[in-house]
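S.K.: Here you go, one structure.
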């Protein structure tokens, strides 16, 4: 077999065609075996990242919504509790007033009763005193009668005496 | 690994596939090296030439079909890149768990950004093409670090790529209508027509020769440098007794430093430049105004045709 070298510059149409085809074939190789798989993987990663972002966003929105719901619930609970406390206070006040007025009435009753009793007692004492005085005057009369005075003097003395007592009593 | 879809990266099967893919990356290059070693004739001294011819078929029309080192190495690089792609995308998960996935995503993202920035969103589907150009060009140039012939040092290879780019540029230029394109050649004044025409063909030609020339010149300079240093070593250190005098000590070190520039830096740079020029030329080729006017006209005609039967 002849072993030769080409000269430094040698143009050969077939070699040009072969080189041209080589580049085309290598382009297809690079496209099919490097670009396609790598782009596919990158796209799938981007899709996964997008999905993650969407999920995170949804979760954040959910959390925000929950927070608002919670705040609303708290507000409602606070209002209810305020209402309950106000109701209780009003009821207590009402009841206290009732108790106080009842007590006052009872006290008034007791006092009135006591006044009436006192009045009755006083009258009784007055009557007793009158009777006593009558008794004393009778005795006094007897004593006076023992002295000899006329009847006229006797009567006027008693009357004046009684008058005096009655007068004292009215004051 | 808690995800149900995630492959078990510690399983025996996964590791076996990994090993097979790494083999797919390395074996083609090794095969190229073996092929070169088998076919290279014993030569003396520095030897600057094109690719080694493996097979020649004179029966083909127009020109004989020659399968040389550039073609074989190109195919080796392509298979290697295929293995690299498969390896990087092996065991991808939505949640990146392996380093190689980060590398794969970094590559795709960077290339896609490059395309989007330089070509606009309309051309965002061009990512694979640009990535393929960069990968094929860079790996083809870097293969010379292994002592193999760089396919990019062969004008036919870069010429083939440039012609493909030329077709693509033309495809976009004709979007505005062939007549508009033809008139465009006579602007700003009709005298410019020949120069405009040359300019059209200069683009792929300059792209092809720039890339090829840079890589080949790097290889030539490296070879010349190595030979010069070898000669210098023999002259300066030839007095050393026995075998020591025959070892070219001065060749150690300096060629490696030069190689960093001419092979590594220049190779990557040219790959980037080729991709950049491709992107700019293709995206700049679209005559937006003409094209939009044409689309509008076509839409109007379609609407008119739809109205005609109704009336």
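So that you can scan it fast, the table gives a plain yes or no per residue for (1) outside any helix (DSSP H, G or I); (2) closer than 23 Å to residue B:145 by Cα; (3) more than 22 Å from the chain's Cα centre (by Cα):
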| position | (1), (2), (3) |
| --- | --- |
| B:162 | no, no, no |
| B:170 | no, no, no |
| B:174 | no, no, yes |
| B:182 | no, no, yes |
| B:187 | yes, no, yes |
| B:216 | no, yes, no |
| B:219 | no, yes, no |
| B:230 | no, yes, yes |
| B:240 | yes, no, yes |
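S.K.: Test residue B:31 against the criterion of being more than 20 Å from residue B:159 (Cβ to Cβ) and surrounded by 14 or more Cβ atoms within 10 Å (Cβ to Cβ), and give yes or no.
M.R.: yes
S.K.: Ok, one more. Residues to consider are A:17, A:30, A:11; find the one that is surrounded by 16 or more Cβ atoms within 10 Å (Cβ to Cβ) and either in contact with a helix residue (DSSP H, G or I) (Cβ under 9 Å, 6 or more places away or on another chain) or facing chain B (nearest Cβ under 7 Å) (or both).
M.R.: Among A:17, A:30, A:11, only A:30 is surrounded by 16 or more Cβ atoms within 10 Å (Cβ to Cβ) and either in contact with a helix residue (DSSP H, G or I) (Cβ under 9 Å, 6 or more places away or on another chain) or facing chain B (nearest Cβ under 7 Å) (or both).
S.K.: Given the criteria within 22 Å of residue B:135 (Cα to Cα) and either within 8 Å of another protein chain (Cβ to nearest Cβ) or in contact (Cβ under 8 Å) with a residue 12 or more places away in the chain (or both), does residue B:49 qualify?
M.R.: For residue B:49, the condition - within 22 Å of residue B:135 (Cα to Cα) and either within 8 Å of another protein chain (Cβ to nearest Cβ) or in contact (Cβ under 8 Å) with a residue 12 or more places away in the chain (or both) - is not met.
S.K.: Right, here's the next one. Return yes when residue B:149 is within 14 Å of chain A (Cβ to nearest Cβ), closer than 30 Å to residue A:18 by Cα and not in a helix (DSSP H, G or I) and no when it is not.
M.R.: Yes, satisfied.
S.K.: Condition test on residue B:185, is it surrounded by fewer than 24 Cβ atoms within 10 Å (Cβ to Cβ) and at pLDDT 90 or above?
M.R.: no
S.K.: If you go through the range B:50-82 one residue at a time, how many are over 17 Å from the mean Cα position of the chain (by Cα) and not in a loop (DSSP other than H, G, I, E, B)?
M.R.: Number of matching residues: 10.
S.K.: Right, another one. Return the only residue of A:68, A:144, A:120 being assigned to a helix (DSSP H, G or I) and over 30 Å from residue A:158 (Cβ atoms).
M.R.: It is A:68.
The values are calculated or read from the model by the stated rules, or taken from the named source; none is laboratory data. Computed from a prediction, not measured in an experiment: that's the story for all the values here. We place every Cβ from the backbone using ideal geometry, glycine too, and count neighbours over all the protein chains shown.
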